[in-house]
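Colleague: My questions all concern the structure below.
The values are calculated or read from the model by the stated rules, or taken from the named source; none is laboratory data. This one's a predicted model, so the numbers in the text were calculated from it and none came from an experiment. Virtual Cβ from ideal backbone geometry, glycine too; neighbours counted across all protein chains shown. We work out accessible area using only protein heavy atoms, side chains counted, and drop any ligands, DNA or RNA first. Shrake-Rupley method; radii C 1.70, N 1.55, O 1.52, S 1.80 Å.
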Amino acid sequence: MITARKYGKPVGLLALLGVAIAFPLVFSDPTYTTIAVFALIFASAASGWNIFAGYTGYIALGHAAYFGIGAYALAIICQRYNIPGGWEPIYLIPLCGLIAGVFAIPLGAIALRTRRHTFIVVTIATFFIVQLMAFNLRGLTNGSTGLDMPIPFQWGAGYQGGNQSIYNLPFYFTALALTIVALAVSWFIRHSKYGLGLLAIRDDEDRARGLGVRTGSSKLSAFVISAIFAGMAGALFAYFIGSVQPQFDFDPLFDLSIALMTFLGGIGTRAGPILGALVLEFAQQWLTLYFTQDGLYLILYGVLFLVVILLLPRGVIPSLQELWAKGRARGRIGPLVLPVKTPVMSAGTTSPPTATRMTGQAGETAHEEVPR
Amino acid sequence: MTILEVRNASKAFGGIHALNDCSISVEAGKITGLIGPNGSGKTTLFNVITGYEKVDAGEVHYDGRTITNATPNKVFAMGIGRTFQLTRIFPRLSVLENMHVSAQRHSLRGLLGGWSRSNERQRALELLEFVGIAALKDAQAGNLSYGQKKLLEFAFILIAEPKVILLDEPAGGVNPTMINHLQSRIQELNKQGITFLIVEHNMEFIMQLCDTVTVMHRGTKIAEGTPANVRQNPAVLEAYLGD
Ligand SMILES: Nc1ncnc2c1ncn2[C@@H]1O[C@H](COP(=O)(O)OP(=O)(O)OP(=O)(O)O)[C@@H](O)[C@H]1O
Ligand SMILES: [Mg+2]
């Protein structure tokens, strides 16, 4: 039992990784791998977004700006420096993320002067400013026509009609790598003092500040980190699509998507945004495929979302965790012992905290037992 | 020796004078009680000392320095810890995580390092044991009972090793057994040299615990002295019976 718990997680993660690596080799149909590439790009962006929005509780809805900046950064660099294509643009993705991150410093600093609802509005506003710049700085961005990317990979015999199952592979594995990095960074931050500060900000910012948490720099750095992931996702997206255009790369729906994905999977959790992205992206593509009538899939998409919000308001991951914990508590303590109050008291050992809502009776029992 | 002093502080909210030319001082190493009818300005005084509110006029001195209108984090870093009348803990963090929030480390290594395996964790567990909620270390703080939350807030102030602790109604809503427990803990810490300023409506608690008692009424100090003296002061009786 104990060993299973100790090794269960790493083994499970390795198994998932194995599935992720095998997926495009087993389901090599480009229809699937294309969806998978988009799903993973969104998964990495959502996971990065969650580091800021999920941990601090500040809902930023202007990350499409950084997605677009990353995309344009790659297009512009490739054009200026005559990057031939192949793997080279992929190596430039981290740089494009950093460029997006640099933009995020002043924009984030401005937005973070406000809180909660005002903050959301300001981030949306900064997005539209950046989008406007993409349309109008024609010398740099070529206006609404956009820019072309270099031809990616020759071995797929080109984009059109060639062997697209091979064509998609480098994108798939790059997107997978980005997702893994985002997950690793999320994990690392969640286990650091810095991350604990972010979570404290989410719960009570003024109190956290009063206790010495550097709220200002913590929020801004988390904002920048999340923008870097959005920028990298944007750069990969643009290379995959083959061109950049203001209306596609600075798309307000981007933020809606990653926010929905994160909420669906469980905001503030590590796996939630990734799970949400995978589920929603596949669901969306499937709905588009089977309900071709214009707009119908959007309605179904909305209904699906409402159902999830109503049934699992905190997202899939926390709800599952709670169910699992409840099941475990029931299994261990057993129905016969349940009416006795004492097992509830030693909550630390008998059942995980999520299962025991320490309200009412349990709390009162604790009162009396504690002071001895 | 005076460690904490408020001089002629005034603070108005709209037309309400929460503090009105209020001066109090706290002796180092003592337990000082602060009492007064509802709305007499006790919490506002705490807020002014700890930087959560700015004064309109007056000064706050601590340990030879002026800390008037300093920010809450500066005041906390200087060694003044406080609890809130309605506790302010981090409800969605676990009890243990709450402890680690207030033990801040500002070096980059300290920030990026994990917290769960350090000696800080050891200290956090000791303090939870000390206040009596160690069994709840993994519980979500928001799920604690009201009294348990008060103990948690007290414990996470202690981890920062403050020199002065301001407690705003630590016994409010707490059952008698736990109040006794809390009382003995405060005395123990006081013996180690920590100064206390305690707001409390529970007179028995104040009378048993405090070396001196300061009484506020309508935003200003109206009496000061030993618990026994204050109890018999006519101005105090009038403040409580009047209105
Ligand atoms: N932020 C605020 N805005 C407006 N009025 C306030 C504010 N804070 C305090 N007051 C007012 O100032 C007065 C003093 O309040 P304070 O909370 O300091 O009293 P108190 O002595 O702590 O009372 P209690 O014993 O009920 O806690 C009250 O009249 C209160 O309504
Ligand atoms: Mg008060």
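Colleague: Looking at (1) more than 16 Å from ligand 2 (Cβ to nearest atom); (2) outside any strand (DSSP E or B), find the lone condition where B:G39 falls short.
Modeller: The number of the failed condition is (1).
Colleague: Further, regarding this structure: With A:T354, A:T359 as the choices, which residue is under 30 Å from A:W49 (Cβ atoms) and at pLDDT below 65?
Modeller: A:T354
Colleague: Within region B:163-186, restricting attention to residues that are more than 16 Å from ligand 2 (Cβ to nearest atom) and away from every other protein chain (no Cβ under 14 Å), which residue is least open to solvent (accessible area, probe 1.4 Å)?
Modeller: B:V164
Colleague: Additional query: State whether the residues of region A:23-45 include one that is at pLDDT 90 or above, buried (at least 23 other Cβ atoms within 10 Å of the Cβ) and assigned to a loop (DSSP other than H, G, I, E, B).
Modeller: No; the residues of region A:23-45 include none that is at pLDDT 90 or above, buried (at least 23 other Cβ atoms within 10 Å of the Cβ) and assigned to a loop (DSSP other than H, G, I, E, B).
Colleague: Also: Out of A:A184, A:A238, A:A208, A:A222, which single residue is touching a Leu at 6+ places or on another chain (Cβ under 8 Å), among the hydrophobic types (A, V, I, L, M, F, W, C), in a helix (DSSP H, G or I) and within 14 Å of another protein chain (Cβ to nearest Cβ)?
Modeller: None of the other options fit; the residue is A:A222.
Colleague: Checking B:C22 against (1) within 13 Å of ligand 1 (Cβ to nearest atom); (2) closer than 21 Å to A:D206 by Cα; (3) open to solvent by less than 10 Å² (accessible area, probe 1.4 Å), which single condition isn't satisfied?
Modeller: Among (1) within 13 Å of ligand 1 (Cβ to nearest atom); (2) closer than 21 Å to A:D206 by Cα; (3) open to solvent by less than 10 Å² (accessible area, probe 1.4 Å), the lone unmet condition for B:C22 is (2).
Colleague: Right, another one. Can you pull out every residue in region A:60-115 that is of a type in the set (K, R) and in a helix (DSSP H, G or I)?
Modeller: Scanning region A:60-115 gives a single hit, A:R80.
Colleague: Separate question: For the list (1) away from ligand 2 (no atom under 16 Å from the Cβ); (2) touching a helix residue (DSSP H, G or I) at 6+ places or on another chain (Cβ under 6 Å), I need the number of the one condition that B:Y52 fails.
Modeller: (1)
Colleague: Something else now. Between B:L128, B:L166, which is under 25 Å from B:I80 (Cβ atoms), outside any loop (DSSP other than H, G, I, E, B) and not assigned by TED's automatic domain parsing to the domain that holds B:L4?
Modeller: Just one listed residue meets the conditions, B:L128.
Colleague: Go through the residues of region B:208-228 one by one and say whether even a single one is under 17 Å from the mean Cα position of the chain (by Cα), surrounded by fewer than 20 Cβ atoms within 10 Å (Cβ to Cβ) and modelled with pLDDT of 90 or more.
Modeller: Taking every residue of region B:208-228 in turn, at least one turns out to be under 17 Å from the mean Cα position of the chain (by Cα), surrounded by fewer than 20 Cβ atoms within 10 Å (Cβ to Cβ) and modelled with pLDDT of 90 or more.
Colleague: Just the residues that are more than 9 Å from ligand 1 (Cβ to nearest atom), of a type outside the set (G, A, S) and surrounded by 18 or more Cβ atoms within 10 Å (Cβ to Cβ), please, taken from region B:45-62.
Modeller: B:V48, B:I49, B:T50, B:Y52, B:V55, B:V60, B:Y62 - these are the residues of region B:45-62 that are more than 9 Å from ligand 1 (Cβ to nearest atom), of a type outside the set (G, A, S) and surrounded by 18 or more Cβ atoms within 10 Å (Cβ to Cβ).
Colleague: Here's something else I'd like to know. Go through (1) within 30 Å of B:D21 (Cβ to Cβ); (2) modelled with pLDDT of 90 or more for B:V236 and report which single condition fails.
Modeller: (2)
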